[in-house]
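Colleague: Mind looking over this structure? Questions follow.
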C-alpha cells in the first residue's frame with residue numbers, strides 16, 4: 001500500500017482490523033441499546049456478523065481484490081444476525097460489488113464503494129428510519145463525494161470521512177426522540193464507526209498487530225434441529241454429548257465428509273458436522289466418545305474437546321420438569337424417527353408446503369410442532385439466528401413452498417435475506433414479531449387454500465391478536481416517560497413498554513389492561529422456564545377476576561428471559 005492506493009493484501013488486513021475493533025467493543029455497543037431487555041444486542045449481532053466474514057477473509061492465502069471482496073460479501077451475508085447485522089452485511093455487499101474488479105482502492109473506488117453500499121443497504125430495509133446506522137453511512141458517502149477531488153491522499157481522505165461519520169453519529173439523538181430520551185447515540189451507527197475506526201487505525205499505523213479474531217477461527221453455524229423433548233434416563237440411547245474441532249491436515253473432500261458422517265452415525269446420533277478448508281466442527285451423541293476422537297484424529301489434530309454425560313444432566317432436569325415427562329418422551333421419539341428418516345425423506349418427492357419457525361422453549365416447540373411446523377430454529381432474543389441458520393433450515397425442509405415465521409422483529413431481515421439467496425424453493429417470510437403471532441399465523445393456515453391465499457390468511461390471523469411479553473430490565477434507562485431501573489419487571493405490548501413495576505403479577509395485570517378491550521374474548525398465557533405452574537395458575541385466577549368477560553388459557557412455554565408471553569384475541 002502507498003499513500004494513494006490500497007492493494008488487496010492491505011485491504012485484507014484492514015478488514016480484519018475493523019473486525020477486531022468491533023469485537024473488542026461489542027459490550028460497549030450493547031450498552032447503547034435503548035430497550036433494556038436481555039436480548040441479542042446490537043454489538044453482539046454486528047460482531048458475530050463481521051466475524052463470519054473475517055473467518056473467510058483470513059482464509060484467503062493469495063489475496064486479490066476479487067477474492068477478498070467475495071469473502072467479505074459471502075461471509076457477512078450468510079453470517080448476518082439481527083437487523084443491525086443484516087444492514088451491516090448489505091453495506092459490505094454494496095461496497096464490495098463496487099470495487100471487486102479494481103486492482104487497488106483509491107479515492108475514486110472508495111467513494112464508489114460508499115455510494116453503492118448505502119444504495120444497497122437502503123433497498124434492503126422496507127421502511128428506512130433516519131437517525132440509525134443508515135443515516136451514518138449515508139453521511140459518510142456524501143462526504144466522500146464532496147472530498148474525492150480534493151488534494152489529499154487516501155489516508156487523509158479516509159480519516160476525513162470517518163471523522164464526519166462521528167459527527168453524523170453525534171446528531172442521531174436529534175433525529176430519534178427515543179435516543180435523546182435515553183441519552184445515547186444510535187447503537188448500530190456506533191457499531192459501524194467502530195469497524196471503520198479499526199480500519200483507519202490500521203491504515204495510519206496506530207494498530208500493527210492484525211490477526212484473524214480468535215472468535216472467528218472457532219465459529220460454526222448454530223445448531224438447528226427439530227424440536228427436542230425429554231425422555232427417561234433409561235431411554236437415552238447414546239449417553240455422551242461429544243463435541244470437538246478437527247484442525248484439518250488438508251481440506252475434506254465430499255467423499256471424506258460423507259464417510260465421516262456415516263461413521264459418526266454408526267456409533268451415535270444427533271450429528272452436526274460443519275467443515276471449511278481448515279477446520280471441521282463435530283457434535284454427536286454417542287456411547288463411545290473415544291472412537292469418535294480416534295476417527296477424527298485420522299484427519300488432523302483435535303481442539304475444543306467436550307464430553308457431557310447426558311444421563312446425569314437429564315436426571316437433574318427430570319426432577320424439575322416431571323409433570324412434562326410424558327409429553328417430552330413422545331416428542332423425543334418423534335425426533336429420533338425424524339433423524340433416522342431425514343435422508344430418506346429428502347429423497348421423496350417434495351411436498352407442496354412446509355413451515356419453519358423460530359422458537360425458544362420446549363413447551364413452545366411442542367405447540368409449533370403440533371400445529372404442523374416442519375422445522376424449528378432454536379433462537380430468539382438470547383441469540384438471533386443467522387442467515388446461514390435460515391438457509392440450513394430451508395435445505396432441511398423438503399417442500400416446494402416454505403413459510404418462515406421469524407417470531408422476532410430482529411430476525412425478520414435475516415429470514416428475508418435467506419429468502420433472497422434461495423433459488424430452488426419459493427420462500428414466504430411472514431414478518432411475525434412475537435411467538436404468539438407465530439402461533440396465531442399457524443392456526444390461520446388453511447390446507448385447501450393456495451400459497452398466496454394462505455399468506456394473506458395467516459397474516460390476517462396474527463394481525464388480529466394483541467401480543468405481550470413480560471421480562472426484566474438489564475440496565476437503567478428512560479423510555480416514553482417511564483423511568484426504568486435494572487431488575488424492574490417490564491410488560492411489553494405491540495407498541496412498546498407498557499408497564500413497569502417491582503411485582504411480577506401486578507405488572508402482568510397492568511400489561512393486560514393495555515391489551516384487553518370490550519371485544520376481547522380469549523387470553524392465552526405461555527409461562528416461561530423461571531415460572532412454576534402453580535404461579536401461572538395463580539396469575540390465571542387473578543386475570544379471570546380482573547377480566548371476567550375473557551376466557552383464560554394457560555400453556556407451558558418453557559422460554560428463557562420472558563416470564564410470560566401473552567396473546568389476547
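None of the figures in this text is laboratory data; all of them are computed from the coordinates on show. Not measured: the values here are computed from a predicted model. We place every Cβ from the backbone using ideal geometry, glycine too, and count neighbours over all the protein chains shown.
Colleague: Could I have the simple spin-label model distance between residue 463 and residue 7, label points 7 Å from Cα toward Cβ, reported in nm to one decimal?
Modeller: Label-label distance for residue 463 and residue 7, simple model: 5.7 nm.
Colleague: Could I ask something else about it? In whole percent, what relative contact order does the stretch 8-217 give with Cα contacts below 8 Å and a gap of six or more residues?
Modeller: In percent, rounded to a whole number, it is 28.
Colleague: Quick check: residue separation of residue 208 and residue 535 times 0.36 nm, minus the Cα distance between them. What number comes out in nm?
Modeller: So the chain would gain 112.0 nm between residue 208 and residue 535.
Colleague: Could you work out how much longer the chain between residue 288 and residue 62 gets when fully extended? Use 0.36 nm per residue separation minus the Cα distance between them, nm to one decimal.
Modeller: Net length gain for the segment: 77.3 nm.
Colleague: Relative contact order (percent) for the chain, with alpha-carbon contacts under 8 angstrom and 6 or more residues of separation?
Modeller: So the answer I get is 13 percent.
Colleague: Still on this structure, please answer the following. Provide 492, 155, 566 in ascending order of the number of other Cβ atoms located within 10 Å of each residue's Cβ, fewest first.
Modeller: 155, 492, 566
Colleague: If R₀ is 45 angstrom, what is the calculated FRET efficiency for the pair residue 108 and residue 549, using the beta carbon separation as r and rounding to 0.05?
Modeller: Step by step, r from the Cβ atoms, then E = 0.10.
Colleague: If each of residue 446 and residue 426 carries a label point 7 Å out from its Cα toward its Cβ, how far apart are those two points in nm?
Modeller: 1.7 nm
Colleague: Ok, one more. For residue 482 and residue 269, FRET efficiency with R0 = 41 Å and r from the beta-carbon atoms, rounded to 0.05?
Modeller: According to the calculation, E is roughly 0.25.
Colleague: Is the stretch 466-568 rounded, prolate or oblate when judged by the Cα gyration tensor, a ≥ b ≥ c being the square roots of its eigenvalues, rounded requiring a/c under 1.5 and prolate requiring a/b larger than b/c?
Modeller: Oblate.
Colleague: Please work out whether the stretch 112-176 counts as rounded, prolate or oblate from its C-alpha gyration tensor, where a ≥ b ≥ c are the square roots of the eigenvalues and a/c under 1.5 means rounded, while otherwise a/b larger than b/c means prolate and anything else oblate?
Modeller: It is oblate, given that a/c is not under 1.5 and a/b is not larger than b/c.
Colleague: Given a Förster distance of 60 Å, report the FRET efficiency between residue 28 and residue 257 from their Cβ-Cβ distance, rounded to the nearest 0.05.
Modeller: E(calc), rounded to 0.05, equals 0.90.
Colleague: Starting from the Cα gyration tensor of the stretch 343-464, take the square roots of the eigenvalues, sort them a ≥ b ≥ c, and report rounded, prolate or oblate (rounded when a/c is under 1.5, otherwise prolate if a/b is larger than b/c, else oblate).
Modeller: Judged from the Cα gyration tensor, the stretch 343-464 comes out rounded (a/c under 1.5).
Colleague: Please order 452, 41 by the number of other Cβ within 10 Å, starting at the fewest.
Modeller: Exposure proxy ranking, most exposed first: 452, 41.
Colleague: Grab the Cα-Cα distance for residue 542 and residue 514, subtract it from 0.36 nm times how many residues apart they are, and report the gain in nm with one decimal.
Modeller: 8.5 nm
Colleague: I need 359, 532, 47 ordered by Cβ neighbour count within 10 Å, fewest first.
Modeller: By the 10 Å Cβ count, ascending: 532, 359, 47.
Colleague: How big is the antiparallel share of DSSP beta bridges in the chain, given as a percent to the nearest 5?
Modeller: 70 percent
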